[in-house]
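Student: Questions regarding the structure given below will be posed in turn.
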Amino acid sequence: MADDTHGWTAAPGAAERARSVLAAAWSCAVTAEGTREELVGAHGVTDDGGVLLQVPEDSVLLAAAICAPRGEPSAVLEFADVAPVPVRDRVRARLWLAGWFSVRDGHLAFRPTRVVLRQRSGALVVDAGEFAAAAPDPLAAAEARLLTHLADCHADAVERLTRLVDPDSLHGAVRVRPLAVDRHGLTLRIERVRSGGDVRLPFHTPADDVSQLTERLHVLLAQASAASCPRPLQRQRADGDR
């Protein structure tokens, strides 16, 4: 899917984005000592970006951590950031953490020493110190609920927001869906028959909680209401909203 390059401003930094992926992820894949395990709902996150894993007593990972020299086997954890609203190419980003395991109170404690974030724009190596010091986006935990509600209950609002999009980005559009939201702005996925792209609608100022996000969206909708309707969508509706 080709990227549109319009309006990508006021976006979170790489360390904040990586911490947001980690904060919102429900599952992870762990590779250690030649073994790969898929874990669902089995991890927690510490304030400095460490990961605590709950694994069965007979887990190969736990045995490797106990038996390894110094009790710290090397490992790689992978997290996928999946869009909550159904769209093409639903994986928005992947996060890889390489580091060391130790056993703590029956849990596996993971300390990352290398952080790689891959988004559609490419892969970035995130400084481990910046990753540890960063905080996840304050809307990360609520994003799935917010986007699903916007897509399912306010499709008219999503269409109205397309009035803020460069008409060139809407040429040939067959569907526009909310893809992501963070404290800095809302991202729309524009789908065409064989391609598509993403467009960023930045907020006038960051939103630190859901109530502030509501106000920021109302500002965008007011701006959209004052804008003229893009011609590509006018033609789309005239053709039967294909």
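The values are calculated or read from the model by the stated rules, or taken from the named source; none is laboratory data. For clarity, every value in this text was computed on a predicted model and none was experimentally measured. Here the Cβ positions follow ideal geometry from the backbone for every residue, glycine too, while neighbour counts run over all protein chains shown. SASA here: full protein model, heavy atoms, side chains in, ligands and nucleic acids out. Shrake-Rupley method; radii C 1.70, N 1.55, O 1.52, S 1.80 Å.
Student: Name the one entry in Leu61, Leu97 that is in contact with a Phe, Trp or Tyr (Cβ under 8 Å, 6 or more places away or on another chain), more than 26 Å from Ala14 (Cβ to Cβ) and either touching a residue at least 12 places away in the same chain (Cβ under 8 Å) or not hydroxyl-bearing (Ser, Thr, Tyr) (or both).
Tutor: So the residue among Leu61, Leu97 that is in contact with a Phe, Trp or Tyr (Cβ under 8 Å, 6 or more places away or on another chain), more than 26 Å from Ala14 (Cβ to Cβ) and either touching a residue at least 12 places away in the same chain (Cβ under 8 Å) or not hydroxyl-bearing (Ser, Thr, Tyr) (or both) is Leu61.
Student: Go through (1) surrounded by 16 or more Cβ atoms within 10 Å (Cβ to Cβ); (2) hydrophobic (A, V, I, L, M, F, W, C); (3) part of a strand (DSSP E or B) one by one and return the number of the condition Ala65 breaks.
Tutor: Of everything listed in (1) surrounded by 16 or more Cβ atoms within 10 Å (Cβ to Cβ); (2) hydrophobic (A, V, I, L, M, F, W, C); (3) part of a strand (DSSP E or B), Ala65 misses just condition (3).
Student: Is it true that Ala151 is open to solvent by less than 40 Å² (accessible area, probe 1.4 Å), assigned to a strand (DSSP E or B) and modelled with pLDDT of 95 or more?
Tutor: Numbers: open to solvent by less than 40 Å² (accessible area, probe 1.4 Å): yes; assigned to a strand (DSSP E or B): no; modelled with pLDDT of 95 or more: yes.
No; evaluated as a whole, the condition is false for this residue.
Student: Asp127: modelled with pLDDT of 95 or more, surrounded by fewer than 16 Cβ atoms within 10 Å (Cβ to Cβ) and not β-branched (Val, Ile, Thr), yes or no?
Tutor: So Asp127 fits the description; yes.
Student: Let me ask you something else. If you take the residues of segment 16-54 that are open to solvent by 60 Å² or more (accessible area, probe 1.4 Å) and without any contact (Cβ under 8 Å) to a residue 40 or more places away in the chain, which of them is nearest to His107 (Cα to Cα)?
Tutor: Filtering first and then ranking leaves Val45.
Student: Among the residues of segment 81-110, write down those that are open to solvent by 40 Å² or more (accessible area, probe 1.4 Å), modelled with pLDDT under 95, farther than 18 Å from Val181 by Cα and out of contact with any helix residue (DSSP H, G or I) (no Cβ under 8 Å at 6 or more places or on another chain).
Tutor: Trp100, Arg104, Asp105, Gly106, His107
Student: For segment 74-115, what are the residues that are outside any strand (DSSP E or B) and within 13 Å of the chain's Cα centre (by Cα)?
Tutor: Answer for segment 74-115, where residues must be outside any strand (DSSP E or B) and within 13 Å of the chain's Cα centre (by Cα): Ala83, Pro84, Val85, Asp89, Arg90.
Student: Quick one: is Arg118 farther than 30 Å from Pro178 by Cβ, open to solvent by 30 Å² or more (accessible area, probe 1.4 Å), part of a strand (DSSP E or B) and modelled with pLDDT of 95 or more?
Tutor: Here the answer is no, as Arg118 does not meet what is asked.
Student: Can you work out which of the residues in segment 171-181 that are in contact (Cβ under 8 Å) with a residue 40 or more places away in the chain and over 16 Å from the mean Cα position of the chain (by Cα) is most open to solvent (accessible area, probe 1.4 Å)?
Tutor: Across segment 171-181, the extreme among qualifying residues is His171.
Student: Against the condition among the small types (Gly, Ala, Ser), within 19 Å of Leu124 (Cα to Cα) and open to solvent by less than 40 Å² (accessible area, probe 1.4 Å), how does Ser59 come out, does it pass?
Tutor: Values: among the small types (Gly, Ala, Ser): yes; within 19 Å of Leu124 (Cα to Cα): no; open to solvent by less than 40 Å² (accessible area, probe 1.4 Å): yes.
Against the criterion (among the small types (Gly, Ala, Ser), within 19 Å of Leu124 (Cα to Cα) and open to solvent by less than 40 Å² (accessible area, probe 1.4 Å)), Ser59 does not qualify.
Student: Looking at segment 1-36, which of the residues that are modelled with pLDDT under 90 and acidic (Asp, Glu) is nearest to Val76 (Cα to Cα)?
Tutor: Only one residue fits best here, namely Glu33.
Student: Taking segment 99-121, which residues are in contact with an Asp or Glu (Cβ under 9 Å, 6 or more places away or on another chain) and of a type outside the set (Gly, Ala, Ser)?
Tutor: Those that are in contact with an Asp or Glu (Cβ under 9 Å, 6 or more places away or on another chain) and of a type outside the set (Gly, Ala, Ser): Trp100, Phe101, Arg111, Val115, Gln119, Arg120.
Residue-wise test of (1) open to solvent by 10 Å² or more (accessible area, probe 1.4 Å); (2) over 20 Å from Trp26 (Cβ atoms).
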{"position": "Ala132", "(1), (2)": "yes, yes"}
{"position": "Pro138", "(1), (2)": "yes, no"}
{"position": "Ser169", "(1), (2)": "no, yes"}
{"position": "Arg183", "(1), (2)": "yes, yes"}
{"position": "Ser195", "(1), (2)": "yes, yes"}
